[in-house]
Amino acid sequence: MAIIVLLTLGAFSLIIYYFHRERLDRLRSEYEALAERHALTEHFEYLTKYANDIIIVLDDSWNIIEANDRAISSYGYSLGELLRIDYGRLIESPSREIVARRRQALERGESLLIEETHKRKDGSIFPAEASIRPIVSHGITYYQYIIRDITERKTAERLLYDRNQHLAMIINSAPVGIYDLDLDGRIKSIWNPAAEKLFGWKREEVLGKFLPTVPEQSMSEYEALHSITMQGESLTDVALERQRKGGSPVAISLSVSPLHDQQGNITGMLSIAVDMTKRKEMEKQLRLLNLTLEQKVAERTSRLRNINEELEAFSYSVSHDLRAPLRSIDGFSQAVMEDYEDKLDASGRDHLKRIRAATQRMGLLIDDLLQLSRITRVDMRTVEINLSSLASTAARETEEQTKRRIAWKIPEGLSATGDPRLLTIVLRNLFDNAVKFTAAKENPTIEFGRTVMNGTSWFYVRDNGVGFDPKYKDKLFTAFQRLHSAKDYPGTGIGLATVKRIIGRHGGEVWADGAIDAGAAFFFTIPGGRTEEQECMQ
Amino acid sequence: MKKSGGKILLVEDNSDDIELTLRALKKNRIANRIDVVTDGEEALDYLFSREKYRDRNPDDKPVVILLDLKLPKIGGLEVLREIRRDERTKLIPVVILTSSSEEQDLVTSYSLGANSYIRKPVDFDRFIEAVNHLGLYWLVLNEPPPCVRIQP
C-alpha cells in the first residue's frame with residue numbers, strides 16, 4: 001500500500017513535474033518570441049528612424065502591416081490609410097500582371113531589385129528603385145519592401161544623357177577630324193565622320209588599333225608629340241603631313257590635348273585634325289595671284305612711265321616747235337609792217353595787226369596749256385608756307401604787271417602746308433582774274449583771306465568786279481570755258497582750270513561765289529596742313 | 001649803243017629765227033659782226049677751229065655766244081658742256097636763246113654754266129626788247145674775260 005501510495009505520489013509528482021516543464025517551456029518560448037519581436041520592432045524603429053528610404057512591411061497576404069515615416073511623407077497617405085489600402089495602389093507601373101509575376105517569385109523565396117514608378121495619393125508619380133525580399137519569422141513570411149525615390153538620380157542621368165547626346169552630335173557633325181587615343185596610342189572610342197572623310201578609314205576599321213595615319217618617316221615626330229601630350233601638355237595648330245588610306249599624303253593642322261580621369265590621371269589624348277589641303281591650295285593661288293598682280297603693276301607702271309615720257313616729249317615739242325612758227329609769223333608780219341609801210345594801205349596794216357594779235361594769242365594759249373600740263377607732272381614739294389607773305393608778293397607782281405592801282409586786303413598770319421610755287425600760281429591766277437574783272441571799277445578792291453564754313457577752313461580771293469552769272473559757276477573751272485567775251489576780258493580760259501588742278505593736287509576743293517555786278521569770290525581749301533588758328537585751338 | 005669790237009656767235013638752226021634775231025640785233029643797233037652756225041657740231045668746229053673752220057684763228061673768240069638748245073647733230077646743252085669743259089672757251093659768256101620754257105632746260109643750262117637764259121617770246125616787239133637788254137648787258141656793261149692763252 002505504502003508502495004502504491006509512494007508510486008502514486010511519485011507518478012503524480014512526475015506528472016506535475018512534466019506538466020510544469022511543458023508549461024515552462026511554452027512560457028519560455030513565448031517569452032523568447034516576444035523578445036524577438038521586440039527586437040525586430042526595435043530594429044524596425046531604428047531603421048525607420050534613420051532610413052532615408054521608404055520601408056514597408058507586408059504580411060504573407062500582401063497587406064501592409066508596417067510603413068515608416070518616410071513612406072507617409074512620400075506617398076501622402078496617413079499610416080492608417082496605408083495599413084488599409086492595397087499596396088498595388090502605390091505602384092503606377094509596371095502592369096499588374098508583372099506585379100503578380102514578381103509576387104510569385106517572391107513567394108518562391110527570391111529577392112528582387114527592380115525599378116518601378118510609384119504613385120502618390122495626389123496622383124503624382126516618382127521613379128523608384130525597389131528592393132523586395134521575403135523575411136520568414138516564426139514560420140510566417142513577411143515581405144520587406146525598401147523603396148528609394150530616384151528622381152534626382154534620374155534627372156542627373158537624363159542630364160548626363162543629354163550632354164552625351166550633344167557631345168556626340170558635336171563630334172559627329174564637326175567639320176574637323178576628331179579622335180581619341182589611349183596611353184598606348186590606340187584609338188579608344190572616337191573617330192568621327194570628318195576623320196573618316198579626311199583619312200579614309202571607317203570608325204570600325206580603326207577602333208582599338210594604332211593610329212594608321214602616321215607615315216613611316218613621321219614616326220619619331222609622332223612619338224615626340226605623343227610623349228609631350230602624355231606629360232600633360234596641349235599642342236595647338238601643329239602643321240603636319242599625314243597619310244590617307246591608300247598612302248596619299250594629306251596636310252593637316254593638328255591640336256592635341258591630354259584626357260584625364262576623375263582623379264586627374266592622364267588616360268589618353270584627344271586629337272583634332274583640320275584639313276589644310278584647301279587652304280594650302282588657296283595660299284598657293286594667292287601667291288600666284290600676288291605674283292601676277294605684281295607683274296601687272298610693274299607692266300602698268302612701265303606703261304604709265306612711257307606715257308609720261310611721251311607726254312614730256314610732247315610738251316617739250318609743243319614748247320619748242322609749236323612756238324617757233326608763231327614767232328616767224330609774228331616777226332615777219334612786224335617786218336612787213338615796218339619795211340613796207342609805204343606800200344601798205346590802212347586795210348593791209350589792219351590785216352597784219354590781226355595776224356599778229358592772233359599769233360600772240362596762240363602763243364599765250366600754248367603757254368597756259370603748258371603750264372596746265374606741267375602742274376600735273378611736276379613733283380610736289382610740300383612745306384609750311386606763310387600764305388600772307390606769298391599773297392603779298394603775288395599781289396605786288398600782279399600790280400606791277402597790270403600797272404593798275406588796286407586796294408589789296410591781305411591779313412597777316414595766314415599759313416598752310418603746300419607747294420609754294422604751285423600755290424603762287426594759284427594766287428597769281430586768281431589775282432590776275434580779279435584785276436581783269438575789276439577793270440571797269442573806280443576803286444578796285446581785292447581781298448585775300450580765310451573763313452570757316454561748315455567746320456572747314458577756306459581761303460578766298462574776293463573782288464568787287466563785274467562778277468558772273470551764278471548759274472554758270474560750275475563751268476568756271478573747266479579749261480577754255482569763258483563767261484565773258486575775250487574782247488572785253490582777254491584771257492585763255494585756262495587760269496581757273498589751272499587753279500582747280502593745283503588745289504586738287506593738294507587734296508583740296510575749289511568753289512566760286514558771285515553775282516552779276518556784285519563781285520566774285522573764289523574759295524579753296526588746302527587740307528595738307530593746319531592753319532595757325534586751328535593750331536592755337538589745339 | 002656803244003660798240004664792243006668782238007663778234008657774236010649765233011648758234012641757230014631755224015632760218016626764220018636767224019633772220020629775226022639778226023633783225024632784232026640790227027634794230028637795237030648792235031653792229032658787231034655776227035657769225036652764224038646752224039648746228040651743234042658746226043658750233044664746236046667753229047670754236048675749236050676744226051674741219052671747215054680749221055683756218056680760223058682760235059684766239060679770235062666771240063664776245064658772246066647766243067645758243068639755241070634744240071639743234072641738229074649735237075644739242076645745245078651738249079655744246080654748252082663742251083664749251084665749259086675746254087680751257088680755251090670756258091670763260092666765253094653763253095646766253096641760251098630758246099623757245100623752251102621747260103624748267104628742266106633752265107636748271108640744266110644754269111648748272112652747266114650758262115650766263116643767261118632768254119626765252120624767245122612769240123611777240124616780236126618783246127623779242128626786240130629782250131635782245132636790247134642782252135646787247136646792253138653783254139656787249140656794253142660786261143667786261144669780257146681776258147684772253148686765255150693755251151699752253152701748247
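Quick note: the coordinates plus some simple rules give every number you see, no bench work behind them. Since this is a predicted model, take the numbers as computed values, not measurements. With ideal geometry, Cβ positions are generated from the backbone for all residues, glycine too; neighbour counts draw on all protein chains shown.
Quick notes on this one:
- A:Asp379 paired with A:Arg349, simple spin-label distance in nm, labels 7 Å along Cα-to-beta-carbon: 5.4
- Sites A:Trp62 and A:Asn172, calculated FRET efficiency, Cβ-Cβ separation with R0 56 Å, nearest 0.05: 0.65
- The residues packed around A:Gln165, meaning those with a beta-carbon under 13 Å from its beta-carbon, carry a net charge of 0 if Lys and Arg are +1 and Asp and Glu are -1.
- Compared with the alpha-carbon gap, the fully stretched path from A:Arg203 to A:Gln285 is longer by 26.1 nm at 0.36 nm per residue.
- FRET E, pair B:Asp16, B:Arg84, Förster distance 22 Å, beta-carbon r, rounded to 0.05: 0.15
- Dipole magnitude of segment A:214-281, debye to nearest 20 (Cβ charges: Lys/Arg +1, Asp/Glu -1, about Cα centre): 320
- You can think of it this way: the chain between A:Leu79 and A:Lys409 has 107.4 nm of extra reach, that is 0.36 nm per residue less the Cα-Cα gap.
- Anisotropy class of segment B:31-80 from Cα gyration tensor, a/c 1.5 cut: oblate
- Along the axis of the charge dipole computed for segment A:57-169 (Cβ charges of +1 for Lys and Arg, -1 for Asp and Glu, origin at the Cα centre), the listed residues A:Ile146, A:Pro134, A:Gln165 are led at the positive end by A:Gln165.
- Here the simple spin-label model places points 7 Å from the Cα toward Cβ, and for A:Leu112 and A:Thr456 these points are separated by 9.3 nm.
- Charge dipole of chain B (Cα centre as origin; +1 on each Lys and Arg Cβ, -1 on each Asp and Glu Cβ, all else neutral): 680 debye, rounded to the nearest 20.
- Cut-off 10 Å between beta-carbons: net charge of the residues surrounding A:Tyr460, Lys and Arg +1, Asp and Glu -1: 0
- Charging the Cβ of each Asp and Glu at -1 and of each Lys and Arg at +1, and nothing else, the dipole of the protein assembly as shown about its Cα centre rounds to 1640 debye.
- Other residues with beta-carbon under 13 Å from the beta-carbon of A:Gly139 carry, at +1 per Lys or Arg and -1 per Asp or Glu, a net charge of -3.
- Ordering A:His43, A:Ser457, B:Leu80 by Cα displacement along the dipole of the protein assembly as shown toward the positive end leaves B:Leu80 in first place; charges were set at the Cβ atoms of Lys, Arg (+1) and Asp, Glu (-1).
- Fewest-first ordering of A:Leu387, A:Leu225, A:Leu160, A:Leu79 by other beta carbons within 10 Å of each residue's beta carbon gives A:Leu160, A:Leu79, A:Leu225, A:Leu387.
- Applying 1/(1 + (r/R0)^6) with R0 = 60 Å to the Cβ-Cβ distance of A:Arg103 and A:Phe210 gives a FRET efficiency near 0.65.
- Under 13 Å from the A:Ser124 label point (7 Å along Cα→beta-carbon), backbone N, segment A:50-85: A:73-77
- Relative to the longest principal axis of the Cα atoms of chain A, the long axis of helix A:2-50 lies at roughly 10 degrees.
- For the peptide A:206-212, the mean number of other protein chain Cβ atoms found within 10 angstrom of a residue's Cβ is 0.
- 14 Å reach of a label modelled at A:Asp339, 7 Å along Cα-to-Cβ, counting backbone N of segment B:13-29: B:16-27
- Cα-based helix-to-principal-axis angle, A:151-173 vs chain A, degrees rounded to 10: 40
- The slack in the chain from A:Ile266 to A:Gln217, taken as 0.36 nm per residue of separation less the alpha-carbon distance, amounts to 14.9 nm.
- Modelled label positions at A:Ile16 and A:Arg244, each set 7 Å beyond Cα in the direction of Cβ, lie 11.2 nm from each other.
- Projecting the Cα atoms of B:Tyr110, A:His118, A:Leu286 onto the charge dipole of the protein assembly as shown, computed from C-beta unit charges around the Cα centre, puts B:Tyr110 farthest toward the positive end.
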